Amino acid sequence: MSDAFSSSSENVIQRVVDVTVKTGTPVGELEELYQIRKTCDFINEHQFEKVALQFPDELLADSVAVAAEIESNSNAKPFILGDTSYGSCCVDEVAAEHVGANCIVHYGSACLSPSKRLPLMYVFERRPLDLEKCTAAFRDLHPDTQSHVVILYDVNYVHAINDLLTLLLPDYPNVIISELVVEGEHCYSHGRTKRQHNDTSLSERDDSQVVYQFGRRFSLKGGLSITDYRMFYVGQEGATLRNFMMTWNCCSFCSFDPIKMTARTESVSINRALMKRYYAIERAKDANVVGILVGTLGVADYLRIIQQLKETIRGAGKKSYVFAMGKLNVPKLANFLEIDLFVLIACPENSLLDSSEFYKPVVTPFEMEVACNKKREWSEEYVTDFRHLLPGGQSHVPLGDRQEDDDNETDMSLITGALRSQNLLSSEPEVSSFGSSVVLRNQALTVANPNSAASFLSERSWRGLEEKLGETPVVKAVEGRRGIAIAYEEEGTSP
């Protein structure tokens with residue numbers, strides 16, 4: 001029996017779930033796929049005693065065999081990190097520190113975000129790439145042999161990119177490939193470490209422009225900008241490609257899927273995607289209470305962007321609260337009805353979250369700054385890496401002087417059509433007293449609520465358990481009810 005609010009309990013027992021069980025890789029192929037010898041040399045060279053092996057879900061079937069091989073060929077004790085705290089593309093330094101690991105070996109896809117706590121080594125999957133079909137697809141998509149093209153790719157195809165370039169260069173002299181580089185002195189990814197002085201000397205030597213973005217580096221020819229190039233991406237459709245397209249939204253993108261063996265010109269309307277993000281910015285302008293979601297604990301400088309966001313939000317007259325809740329889902333965020341909007345601090349590939357299923361919008365730090373910082377204007381530039389927003393970053397815009405702002409300035413919402421006031425809390429102390437219900441702004445008649453969450457709680461019909469200290473008489477312990485909530489023993493049974 002079932003109704004509109006529940007289903008039969010028998011359905012749960014009889015339901016059939018299709019689960020794809022991935023078989024483990026043969027032992028003879030582990031060396032080539034997981035570079036066990038190089039990993040053991042890295043461990044022995046630095047004399048690590050505890051090593052954290054971070055695997056994504058799709059590679060967990062081989063984790064035990066890989067850990068056994070590493071333990072037998074090195075003096076270190078391996079620990080398998082299966083369920084990461086946030087995205088599997090990020091290095092989970094927090095989980096590694098829980099077991100006291102001296103270093104981390106990260107397997108599979110990676111966003112290449114910098115980490116600074118523990119020594120790190122990346123081991124990418126060696127996914128197969130049909131060079132002949134990929135080359136043929138490139139020629140079909142770029143009939144002009146003098147085209148300026150940048151080849152981007154998923155990190156799991158890095159082993160085959162040089163061979164692809166060798167096949168293309170004789171006919172396409174203006175093709176360049178992006179090189180994988182990892183920022184940080186503690187990263188040992190087979191020599192791929194970004195050094196600032198190398199980028200500077202390379203640029204000065206041949207008058208070229210060095211572009212470094214999302215762990216990729218390539219040099220543009222002198223006199224050309226990024227808008228003069230077309231992008232050719234090797235990999236599957238997903239967060240990595242979407243990240244590139246949103247950042248370089250003025251460039252034309254083509255892609256080749258090595259699994260489906262198909263190539264296409266990316267016809268997804270970037271303008272429509274940007275307009276959806278602009279709608280989120282308007283929602284951020286309307287919001288009074290903002291929740292800052294900590295979506296990473298491993299990406300460098302995440303504490304600095306949290307502090308900068310708190311100051312930016314407060315300067316716009318809004319309240320902010322910080323939440324650290326691991327992997328996000330709809331039920332988690334639905335518990336905080338007093339929050340008007342959330343801003344997610346995560347790596348570039350996880351920051352563009354589709355919040356259509358969430359009850360409240362989820363925006364990026366860049367979108368929040370556009371909504372709150374008057375000096376930052378909406379333009380063709382779109383930033384997904386929050387480190388670029390920090391002082392010294394290539395997209396940093398300082399906050400406006402509060403004294404220059406007009407206290408009576410108002411703005412009209414493009415969503416509701418209502419007038420909204422700005423900078424209501426900008427002149428108030430950072431820590432307000434919870435004892436007062438209202439505070440004056442510059443001795444004017446306008447008042448603002450210093451505790452938005454408390455105001456929301458006061459409007460609720462149910463506010464939780466009431467303590468009633470001093471009002472409830474003290475009595476001895478008595479025997480409680482027996483049974484279950486649907487039918488206690490003393491209630492009897494209905495006829």
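The values are calculated or read from the model by the stated rules, or taken from the named source; none is laboratory data. Just so we're clear, the structure is a prediction, and the values are computed from it rather than from any experiment. When we count neighbours, we look across all protein chains shown, and the Cβ atoms used for this are built from the backbone with ideal geometry, even at glycine. Accessible surface areas use protein heavy atoms only, side chains included; no ligands, DNA or RNA. Shrake-Rupley method; radii C 1.70, N 1.55, O 1.52, S 1.80 Å.
General remarks:
- Test: Tyr359 is in contact with a helix residue (DSSP H, G or I) (Cβ under 6 Å, 6 or more places away or on another chain), surrounded by fewer than 16 Cβ atoms within 10 Å (Cβ to Cβ) and aromatic (Phe, Trp, Tyr): yes
- Out of Ser379, Ser432, Ser413, sole residue that is surrounded by 13 or more Cβ atoms within 10 Å (Cβ to Cβ), under 30 Å from Ser351 (Cα atoms), modelled with pLDDT under 85 and not acidic (Asp, Glu): Ser413
- Any chance Ile305 is of a type outside the set (Ser, Thr, Tyr), open to solvent by less than 10 Å² (accessible area, probe 1.4 Å), within 25 Å of Ala95 (Cα to Cα) and in a helix (DSSP H, G or I): yes
- Checking each residue in region 335-354 for being among the hydrophobic types (A, V, I, L, M, F, W, C) and either open to solvent by 50 Å² or more (accessible area, probe 1.4 Å) or in contact (Cβ under 8 Å) with a residue 40 or more places away in the chain (or both) picks out Phe336, Leu337, Ile339, Leu341, Phe342, Val343, Leu344, Ile345, Ala346, Cys347, Leu352.
- Going through (1) open to solvent by less than 20 Å² (accessible area, probe 1.4 Å); (2) under 31 Å from the mean Cα position of the chain (by Cα) one by one, Val158 falls short only on (1).
- All positions within region 118-148 that are part of a strand (DSSP E or B) and either at pLDDT 95 or above or out of contact with any helix residue (DSSP H, G or I) (no Cβ under 8 Å at 6 or more places or on another chain) (or both): Leu120
- Verdict on Gly464 being modelled with pLDDT of 75 or more and either within 20 Å of Leu274 (Cβ to Cβ) or open to solvent by less than 30 Å² (accessible area, probe 1.4 Å) (or both): no
- Residues of region 337-386 classified as touching a Gly at 6+ places or on another chain (Cβ under 6 Å) and assigned to a loop (DSSP other than H, G, I, E, B), total: 4
- Among the candidates Glu97, Glu132, residue that is open to solvent by 50 Å² or more (accessible area, probe 1.4 Å), acidic (Asp, Glu) and within 26 Å of Tyr172 (Cβ to Cβ): Glu132
- Filter result for Asn73 (in contact with a helix residue (DSSP H, G or I) (Cβ under 6 Å, 6 or more places away or on another chain), among the polar types (S, T, N, Q), over 23 Å from Arg216 (Cα atoms) and surrounded by 15 or more Cβ atoms within 10 Å (Cβ to Cβ)): yes
- Per the listing Ser88, Ser115, Ser74, Ser63, the residue uniquely assigned to a helix (DSSP H, G or I) and either among the hydroxyl-bearing types (Ser, Thr, Tyr) or at pLDDT below 90 (or both) is Ser63.
- Among the residues of region 215-233, those identified as open to solvent by 20 Å² or more (accessible area, probe 1.4 Å) and outside any strand (DSSP E or B) are Lys221, Gly222, Gly223, Leu224, Ser225, Ile226, Thr227, Asp228.
- From the options Ile151, Ile104, residue that is closer than 18 Å to Ser255 by Cα and in a strand (DSSP E or B): Ile151
Results for (1) crowded, with 17+ Cβ neighbours inside 10 Å; (2) within 30 Å of Glu125 (Cβ to Cβ); (3) touching a Cys at 6+ places or on another chain (Cβ under 9 Å), shown as yes or no for each residue.
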| residue | (1), (2), (3) |
| --- | --- |
| Ser267 | no, yes, no |
| Tyr279 | no, no, no |
| Glu311 | no, no, no |
| Gly315 | yes, no, yes |
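- If you go through region 279-334 and pick out every residue that is among the hydroxyl-bearing types (Ser, Thr, Tyr) and farther than 30 Å from Met412 by Cβ, you end up with 2.
- Test: residue in region 245-266 that is touching a helix residue (DSSP H, G or I) at 6+ places or on another chain (Cβ under 9 Å), at positive phi and modelled with pLDDT of 90 or more: yes
- Pair list, Cβ under 6 Å, 6 or more apart: region 123-143 residue farther than 14 Å from Thr265 by Cα, other residue assigned to a loop (DSSP other than H, G, I, E, B): Val123/Gln35; Glu125/Gly108; Leu129/Pro258; Lys133/Met261
- Matching entry among Ala136, Ala110, Ala61 (being aliphatic (A, V, I, L, M) and closer than 27 Å to Tyr212 by Cβ): Ala110
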